[in-house]
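The values are calculated or read from the model by the stated rules, or taken from the named source; none is laboratory data. Quantities reported herein were computed from a predicted structural model and do not represent experimental measurements. Cβ: placed from backbone, ideal geometry, glycine included. Neighbour counts: every protein chain shown. Heavy atoms of the whole protein, side chains included, go into the accessibility calculation; ligands, DNA and RNA do not. Shrake-Rupley method; radii C 1.70, N 1.55, O 1.52, S 1.80 Å.
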Amino acid sequence: MLLEDKSTMAEPIQRQIERIVHSEQFRSSEVLRRLLTFLSEKAIAGEADNLKEYVVAIDGLGKSSTYDPQHNSAVRIQMGRLRQRLAEYYRSEGKNDPMIVDLPKGRFRLTFEERSNAPIFGQESSLSPTLPVPTIKILDSAPHRPTKLSLLQLVGGIMAVVLLVGLGYVLGHSTRQQSAADRGQDLETLWAPFFSRKLPLILSIEDPLFAEIRSNPGVYVRDRSMNEWSDVVSSAALNKLTGALNQSEMHPSRYYTAFGEAEASFLLGGLLKTPESALSIVRTSQLSWQQLADNNVIFVGVQNLFFNQLRNMPIAPQLVPELNGVRDEHPGNGQPDFYADEYTTAPSEQGTIYALVTHLPGPNGKNDIESFTSNRSAGYLGAVQSFTDPQFAHLLAIKLKEETGGKVPRFYQVLFRVRYRDGVPTEIKFVLGREMH
């Protein structure tokens, strides 16, 4: 139930905000604690709809009075971080909290919602897990008549209510325990080949190719369509740029990667690393064909950097990444054959992109390879978040079973649509799942 009357709910809201700001997720960020407290106070006072970016900067973030929203994006950045941190909190410590606090994209007004039933996970449905809380409703269809209750009737009625509440708690507790077990089992199913200790595990991280023009200061240029040095050397545009800088040569550089890879690696390492497992990190440019054959491999990064290495695999992918989206080479009835990305990179990076998860056998069919790819880092980060969270994994397993005949397939592809802002996934939707033979 969405809470519109904040005046009557001030105390529960304040308790929930206190619970959040003292959590592990928020303990390390004084900036986000202050911002969340400020926004909640304005929401309770009914002043949130009138907030301006300048006021949030001064009163919510403690910026100086010289703050200029036209030239400073601190508020937008911190709002994005707060939105992401709240999502992370409700996926972990706050998954059983009685109230959900959210910050809708593009607004300064927090929303507060009491937990009720979990959302339905349908076609292209949002992956926003909410744990169900059992409720008991007593319905009386007979007309109301004043009656006199004897002491015996009153005591009997109280005992019946106590028994109903107790039974509801036991059944609800049992249901929640079973639901948690199901979610854990689904996570285990999705990652079973990588939990195995039979083969070592490699986490391959994208290290995109830059052209370094050694001028003073140095210039680094990245063309997303060029991932081989021979393409860079023969590029007329880059050679023209080199001449304009009065330089005669370029050099390859792979020193940089996106923040999304770092966060995705953290999530995957936390899920898969154990004292007994052999987990190593390898740059994609250094990943050999022999390593692809002898190890289980997980790749995170831009699509066209890794899919070139999937050629001649035992199973050919049906969903194929391109520079501006994902192509479905075998669309079903009524399905499009292309899913186009739509995003902007300036002045702020935001939009809708597609993320592709591909699980294939290795070159000799004896190992497993899984890739999380997208044309922007927010896309593959959102896909990794979906596959490493128990509740998300539970919903994914349901959809994969529906689309592939009642069980999670051995090899598959999953397509997500991810909305994001400033590199932060704000909404993740399941688009389709495809079993591969």
How do the strands (runs of 3 or more DSSP E) wholly within region 329-399 filter down when requiring 1 or more residues that are open to solvent by 10 Å² or more (accessible area, probe 1.4 Å) and touching an Asp or Glu at 6+ places or on another chain (Cβ under 6 Å): which remain? 350-361
Out of all the residues in region 270-277, is one or more open to solvent by 80 Å² or more (accessible area, probe 1.4 Å) and among the basic types (Lys, Arg)? yes
Selection from region 43-75 of residues that are touching a residue at least 40 places away in the same chain (Cβ under 8 Å), open to solvent by less than 30 Å² (accessible area, probe 1.4 Å) and small (Gly, Ala, Ser): Ala43, Ala48
Six or more apart or on different chains, Cβ atoms under 8 Å: show the pairs whose first residue is in region 323-341 and of a type in the set (Lys, Arg) and whose second is open to solvent by 70 Å² or more (accessible area, probe 1.4 Å). Arg327/Asp337
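This table checks each residue for (1) more than 27 Å from the chain's Cα centre (by Cα); (2) free of Cβ contacts under 8 Å to residues at least 12 places away in the same chain.
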site: Ser253; (1), (2): yes, no
site: Phe259; (1), (2): no, no
site: Ala262; (1), (2): no, yes
site: Gln290; (1), (2): yes, yes
Of the residues Gln78, Gln25, Gln84, which single one is surrounded by 19 or more Cβ atoms within 10 Å (Cβ to Cβ), polar (S, T, N, Q), touching a strand residue (DSSP E or B) at 6+ places or on another chain (Cβ under 8 Å) and part of a helix (DSSP H, G or I)? Gln84
Kindly evaluate Lys240 against the criterion of being out of contact with any strand residue (DSSP E or B) (no Cβ under 8 Å at 6 or more places or on another chain), open to solvent by 30 Å² or more (accessible area, probe 1.4 Å) and under 30 Å from Ala397 (Cβ atoms). no
